[in-house]
Amino acid sequence: MSNQLDELLKQSARSLNRHRLLLEEKPRTLAPVGRRYPKRMVMTCMLLFICFATLMLPLSSKVLAYVVNLLRIEGFQQVVEKGLITSVGQESLQQGITLSVENIYADQGELVFDMVQSFTKDAASRSMLNTNDVQLFIDGKKLAFHSGGEFQDLQDGRYGGIIYYQSNYGYEEGPGGLLPEHFRLTIKVNRIGDIQGNWSLELMVSRELSDQATRTFEPGISHEVSGITINVARVVMTPLSTTIDYEMTVPENYSFTDPSAISSIQVQDDKGYIMGMGFVGGEGEAVEGDRRKYRFTDEHLRTPKETPEELVIIPQRSVMERQDEWGTYFRGEALEPYVFRVPLLSGAKR
């Protein structure tokens with residue numbers, strides 16, 4: 001009997017040993033690998049996420065304020081692409097509301113910067129800043145006016161917008177002229193919605209980057225038709241805007257109020273891109289031959305992405321388009337005989 005029991009016990013032991021070895025074989029070969037694989041994946045994903053977040057966080061406010069707002073200005077994207085923006089990263093905190101400026105651009109006649117509005121947990125209100133409540137000072141002199149659209153929701157709990165100034169807006173105390181090569185820009189906000197405060201930022205601004213990319217042309221090209229001569233004396237192209245100086249000589253009895261008279265000049269590049277238009281005018285001076293010469297400047301035309309080889313000058317007359325209770329509306333119509341081309345690259349000064 002004991003021999004039979006011993007044999008049964010041995011068989012049971014051998015059976016248990018076989019099952020034990022099989023159970024141990026699986027964890028040693030498969031289970032640990034299965035457990036290590038997800039851990040590696042998780043750690044890799046975590047590291048990638050941390051790297052991505054580290055890279056993106058310093059740029060997030062710039063990207064959002066910049067892409068969502070600044071790039072909506074036609075032509076501004078090319079300024080960005082050419083690296084002509086200065087990063088400033090200044091902020092002012094009052095009443096739980098932070099106003100920050102991340103990027104700024106300045107040239108001879110234009111100043112553009114973005115502004116982001118964010119909130120701390122102590123903010124009493126989440127009212128959106130009205131850009132009309134922003135005051136600008138250049139070297140302590142208050143600017144008479146600036147433009148910029150309403151702030152927009154950046155979809156991350158912040159608001160963002162742009163502030164835009166052109167030199168022809170001028171100062172409160174008088175005309176503006178060209179922006180200085182270097183200046184101190186002070187930005188002040190005294191209220192946001194119903195919240196009173198004293199938000200203030202001071203930025204040192206330089207035109208250096210835009211000046212390096214600005215080109216001046218003196219083509220001196222004239223075109224004469226029926227006793228009317230139009231001369232393009234000077235063209236200044238900053239990365240964002242173009243200024244053209246004209247001289248126009250007409251007979252003494254020429255009337256700009258005549259329906260067929262030249263009232264404006266549209267400018268295109270050699271690829272058909274419309275840079276804008278300006279009106280003919282200014283104080284005329286008597287010149288020989290019973291004629292009068294008018295000097296005028298068209299400012300803030302849009303600069304093409306690539307410097308054109310030539311400009312197309314398109315004199316226009318005014319044609320009434322419609323009339324309603326609000327007023328009379330005119331459009332420009334090209335006067336084909338007066339259209340001419342002005343080579344630029346052969347007349348570059350810088």
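The values are calculated or read from the model by the stated rules, or taken from the named source; none is laboratory data. Small disclaimer: the values here were computed from a predicted structure and weren't measured. Every residue, glycine as well, gets a Cβ built from its backbone with ideal geometry; the counts of neighbours run over all protein chains shown. What goes into the accessible areas is simple: the full protein's heavy atoms, side chains included, and nothing from ligands, DNA or RNA. Shrake-Rupley method; radii C 1.70, N 1.55, O 1.52, S 1.80 Å.
Per the listing E102, E91, E74, the residue uniquely in contact with a Lys or Arg (Cβ under 7 Å, 6 or more places away or on another chain), open to solvent by 20 Å² or more (accessible area, probe 1.4 Å) and at pLDDT 85 or above is E102. Considering the range 265-278, the residues that are surrounded by 15 or more Cβ atoms within 10 Å (Cβ to Cβ) and among the hydrophobic types (A, V, I, L, M, F, W, C) include one that is nearest to P337 (Cα to Cα), namely I265. Just one residue in the set R191, R234, R215 is within 26 Å of E102 (Cβ to Cβ) and of a type in the set (K, R); that residue is R191.
Could you go through the range 225-233 and let me know if any residue there is modelled with pLDDT under 95, open to solvent by less than 80 Å² (accessible area, probe 1.4 Å) and not in a strand (DSSP E or B). Yes, the range 225-233 has at least one match. For the range 154-191, the tally of residues that are within 21 Å of V112 (Cβ to Cβ), out of contact with any His (no Cβ under 9 Å at 6 or more places or on another chain) and either acidic (D, E) or in a strand (DSSP E or B) (or both) stands at 15. Within the range 265-310, take every residue that is touching a strand residue (DSSP E or B) at 6+ places or on another chain (Cβ under 7 Å) and of a type in the set (G, A, S) and give me the one that is modelled with the lowest pLDDT. This residue is G282. On the given criteria, is F137 part of a loop (DSSP other than H, G, I, E, B), within 22 Å of G170 (Cβ to Cβ) and not charged (D, E, K, R)? So F137 does not fit the description; no.
Taking the criterion of being of a type outside the set (K, R) and open to solvent by 20 Å² or more (accessible area, probe 1.4 Å), the residues of the range 198-215 that qualify are N198, S200, E202, M204, S206, E208, L209, D211, Q212, A213. Candidates in the range 247-264 are the residues that are touching a strand residue (DSSP E or B) at 6+ places or on another chain (Cβ under 8 Å) and loosely packed, with under 15 Cβ neighbours inside 10 Å; of these, the one that is farthest from P315 (Cα to Cα) is E252.
Has the range 317-328 got any residue that is in contact with a Phe, Trp or Tyr (Cβ under 8 Å, 6 or more places away or on another chain), aliphatic (A, V, I, L, M) and either open to solvent by less than 80 Å² (accessible area, probe 1.4 Å) or more than 29 Å from V79 (Cα to Cα) (or both)?
Yes, the conditions are met somewhere in the range 317-328.
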